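Undergrad: Here it is, the structure, as structure tokens.
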Amino acid sequence: MSSTALSPDRIKNLTPEKHPRKLRLGAHLGGLGLSVESWRHPDARADATSNIRVFIETAEWAEKGKFDFGFIADGSYVDRKTSPYLVSRIDPVVVLSAVATHTRHLGLVATMSTTYSQPYTTARQLASLDKVSEGRAAWNLVTSTTAGHAWNHGHETMPEHDERYRIAREYLQVVKGLWNSWEDDAFPRDKARGRYVDFDKMHVLDHHGEFFSVKGPLNMERSPQGHPVIFQAGASEAGRDFAARDADAIFSGGVDDRVAAKAYYDDIKRRAVAHGRSPDDVLLFPNITPIIADTEEEALRKYEEVTRLFDIDRQVESLNHLFDGLDLSSLPLDAPLPDLGELPAAATTSSAEQLKRKARENRWTLRQLAEYAANQNVRGTSALFVGTAEQIADRMQQLFEDEVVDGFIIRSYAPPRGLPEFVERVVPLLQQRGLFRREYESTTLRGNLGLRYPVNRYSDARQDNPSRTEEATAASI
């Protein structure tokens, strides 16, 4: 058998068997806690965003809990208004390459932008991570949102919102095309016959589009899962459609408003079907930050320990950054805010638009807006997850069984504090209720998520290759 022949695991994942729906779990591996001041918590590692040991230890806990993946957020611009805690952060691909050597099953999700980078470089980095991890890599595809990203990459201004998504769509098309440069069995490495590679199974992309011209092929063979899983976060109209059409998984919004969260879930699934996909082809994951204790009262005290770290000046600076350099610092803290839509240069991201709407509807002061923005993950997304292990498991089960979510991404409230408590106290309850796995089903991320193996669309049907079935070819990317 050749070194790249289809393994039983890979064949099994071509068309995953139908099983009862199971909850999926991911974990934030970086140092992002409930707020930018979480590093000040007595139990937090102050250097968690740039300490490789924290990433590795967190990943090991996630794998102990049989989590599907670990996720790292990222950005490429800092200034004096950036939270000091976030100005030093290790590159996600570098971190996850190290994490890959300390784990065997955990998926590895790297955040990388399509706005100011080249598809070939991204395709090679992620394909390399996928190969190093033996089929566990994933790409959280994002578009850059602030002018600072443009300045760091030789541009004066940002593309408009919809143009960023047009760039992203073509970018992803190019990356996937490069990932299809080689068929599964293109590298026989036959020493006896002196046959290392079969160039008839190499495919040159030769892409010429609106934004990119890329010849190819990629100088990296396919991994056991075909190519990395695609994550995306789409809240705007363009973002939702892009995610429903192209993503395997979506980082969705909060679940504090259950009606809105259910509407979003149903909308994404409908859009996926409209694009010729199955509703099961795209999975939705909101962030939650569990704060667990033996009693609800004790859990609320732990929550208050975190919120006492709130610093109003830091939070106003964070708002300035979110609104793409808009300076709110000169406004009085306790007077009604002007209409933020009338202020210049406000960002057009969904998060910024939501905050502007909230401020307008509630007639908030700057202090109230800053407090809401700082703590919305606790008082909003995560307020429902402050309590005993049983209460948290109950809430997760309800949201999952009501098809509001497909899974959750667990964030530590004071990194790395929080994830070990969840693994030891909540995961066993989810397992006892038959909601979550006791053992991994596959050696690849794609297999554990129950996603189809992405057959190389360039390949001809071959009877001697199990991946070239009619059904699998129809699912080709």
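Undergrad: In the set Ala393, Ala389, Ala347, Ala359, which member is at pLDDT below 75, in contact with a helix residue (DSSP H, G or I) (Cβ under 7 Å, 6 or more places away or on another chain) and either farther than 30 Å from Ala46 by Cβ or open to solvent by less than 10 Å² (accessible area, probe 1.4 Å) (or both)? Lay out the reasoning, then the answer.
TA: Values: Ala393 fails: at pLDDT below 75; Ala389 fails: at pLDDT below 75; Ala359 fails: at pLDDT below 75.
Result of the check over Ala393, Ala389, Ala347, Ala359: Ala347.
Undergrad: Right, another one. Residues of the range 41-57 being buried (at least 24 other Cβ atoms within 10 Å of the Cβ) and either β-branched (Val, Ile, Thr) or farther than 19 Å from Val306 by Cβ (or both), which ones?
TA: Phe55
Undergrad: Taking the range 382-419 only, how many residues are of a type in the set (A, V, I, L, M, F, W, C) and assigned to a helix (DSSP H, G or I)? Steps first, answer last, please.
TA: The first filter runs over the range 382-419 and keeps only residues of a type in the set (A, V, I, L, M, F, W, C), leaving 383-386, 389, 392-393, 396, 399-400, 404-405, 408-410, 414, 419.
After this cut, where a residue has to be assigned to a helix (DSSP H, G or I) as well, the list is 383-385, 389, 392-393, 396, 399-400, 419.
Counting residues in the range 382-419 that are of a type in the set (A, V, I, L, M, F, W, C) and assigned to a helix (DSSP H, G or I) gives 10.
Undergrad: Just the residues that are at pLDDT below 95 and buried (at least 19 other Cβ atoms within 10 Å of the Cβ), please, taken from the range 228-239. Don't jump to the end; show me each part of the working.
TA: Initial filter on the range 228-239 (at pLDDT below 95): 232-239.
Those that are at pLDDT below 95 and buried (at least 19 other Cβ atoms within 10 Å of the Cβ): Gln232, Ala233, Gly234, Gly239.
Undergrad: Tally up the residues in the range 58-75 that are surrounded by fewer than 23 Cβ atoms within 10 Å (Cβ to Cβ), of a type outside the set (A, V, I, L, M) and either in contact with a His (Cβ under 9 Å, 6 or more places away or on another chain) or without any contact (Cβ under 8 Å) to a residue 24 or more places away in the chain (or both), please.
TA: 4
Undergrad: Taking Thr103, is it at pLDDT below 95, within 26 Å of Asn287 (Cβ to Cβ), of a type in the set (Val, Ile, Thr) and not in a helix (DSSP H, G or I)?
TA: Working: at pLDDT below 95: no; within 26 Å of Asn287 (Cβ to Cβ): yes; of a type in the set (Val, Ile, Thr): yes; not in a helix (DSSP H, G or I): yes.
So Thr103 does not fit the description; no.
Undergrad: May I pose another question? Against the definition (surrounded by 23 or more Cβ atoms within 10 Å (Cβ to Cβ) and either in contact with a strand residue (DSSP E or B) (Cβ under 9 Å, 6 or more places away or on another chain) or at pLDDT 95 or above (or both)), how does Ser38 come out, yes or no? Full working, then the answer.
TA: Values: surrounded by 23 or more Cβ atoms within 10 Å (Cβ to Cβ): yes; either in contact with a strand residue (DSSP E or B) (Cβ under 9 Å, 6 or more places away or on another chain) or at pLDDT 95 or above (or both): yes.
Taking the combined requirement at face value, the residue satisfies it.
Undergrad: Given the conditions (1) free of Cβ contacts under 8 Å to residues at least 24 places away in the same chain; (2) among the acidic types (Asp, Glu); (3) farther than 29 Å from Val423 by Cα, report the number of the one that Glu297 does not fulfil.
TA: Glu297 satisfies every listed condition except (3).
Undergrad: Could you please find all residues in the range 60-89 being under 27 Å from Leu326 (Cα atoms), of a type in the set (A, V, I, L, M) and either in a loop (DSSP other than H, G, I, E, B) or modelled with pLDDT of 95 or more (or both)?
TA: Answer for the range 60-89, where residues must be under 27 Å from Leu326 (Cα atoms), of a type in the set (A, V, I, L, M) and either in a loop (DSSP other than H, G, I, E, B) or modelled with pLDDT of 95 or more (or both): Ala73, Val78, Val87.
Undergrad: Looking at (1) more than 20 Å from the chain's Cα centre (by Cα); (2) surrounded by fewer than 23 Cβ atoms within 10 Å (Cβ to Cβ); (3) within 22 Å of Arg446 (Cα to Cα), can you tell me which one Ser213 breaks?
TA: (3)
Undergrad: Let me ask you something else. Can you tell me which condition Val204 does not meet? The list is (1) within 30 Å of Pro159 (Cβ to Cβ); (2) in contact with a helix residue (DSSP H, G or I) (Cβ under 7 Å, 6 or more places away or on another chain), and all the others hold.
TA: Here Val204 meets the rest and fails (2).
Undergrad: Moving on to the next point. Go through (1) assigned to a loop (DSSP other than H, G, I, E, B); (2) under 22 Å from Gln391 (Cα atoms) one by one and return the number of the condition Glu304 breaks.
TA: Only one criterion is unmet by Glu304, namely (1).
Undergrad: Exactly one condition in (1) modelled with pLDDT of 95 or more; (2) crowded, with 16+ Cβ neighbours inside 10 Å is not met by Arg222; state its number.
TA: (1)
Undergrad: Moving on to the next point. Being closer than 30 Å to Leu451 by Cβ and in a loop (DSSP other than H, G, I, E, B), is that true of even one residue in the range 287-299?
TA: Step one: list which residues in the range 287-299 are closer than 30 Å to Leu451 by Cβ, which gives 287-290.
Within this subset, residues satisfying the condition of being in a loop (DSSP other than H, G, I, E, B) are 289-290.
Checked the range 287-299: at least one residue is closer than 30 Å to Leu451 by Cβ and in a loop (DSSP other than H, G, I, E, B).
Undergrad: Out of the range 420-442, which residues are part of a loop (DSSP other than H, G, I, E, B) and touching a Leu at 6+ places or on another chain (Cβ under 7 Å)?
TA: Looking only at the range 420-442, we keep the residues that are part of a loop (DSSP other than H, G, I, E, B), and these are 426, 433-442.
The answer is Leu435, Phe436.
Undergrad: A further question follows. Please go through the range 76-91 and pick out each residue that is without any contact (Cβ under 8 Å) to a residue 60 or more places away in the chain and buried (at least 17 other Cβ atoms within 10 Å of the Cβ).
TA: Answer for the range 76-91, where residues must be without any contact (Cβ under 8 Å) to a residue 60 or more places away in the chain and buried (at least 17 other Cβ atoms within 10 Å of the Cβ): Tyr85, Leu86, Arg89, Ile90.
Undergrad: Return the total of residues in the range 276-308 being out of contact with any Gly (no Cβ under 8 Å at 6 or more places or on another chain) and farther than 20 Å from Arg411 by Cα.
TA: Of the residues in that region, 8 qualify.
The values are calculated or read from the model by the stated rules, or taken from the named source; none is laboratory data. From a predicted model like this one, the values you see are computed outputs, not experimental measurements. So basically every Cβ, Gly included, is an ideal-geometry build from the backbone, and we count neighbours across all protein chains shown. Protein only, heavy atoms only, side chains kept; ligands, DNA and RNA dropped before computing areas. Shrake-Rupley method; radii C 1.70, N 1.55, O 1.52, S 1.80 Å.
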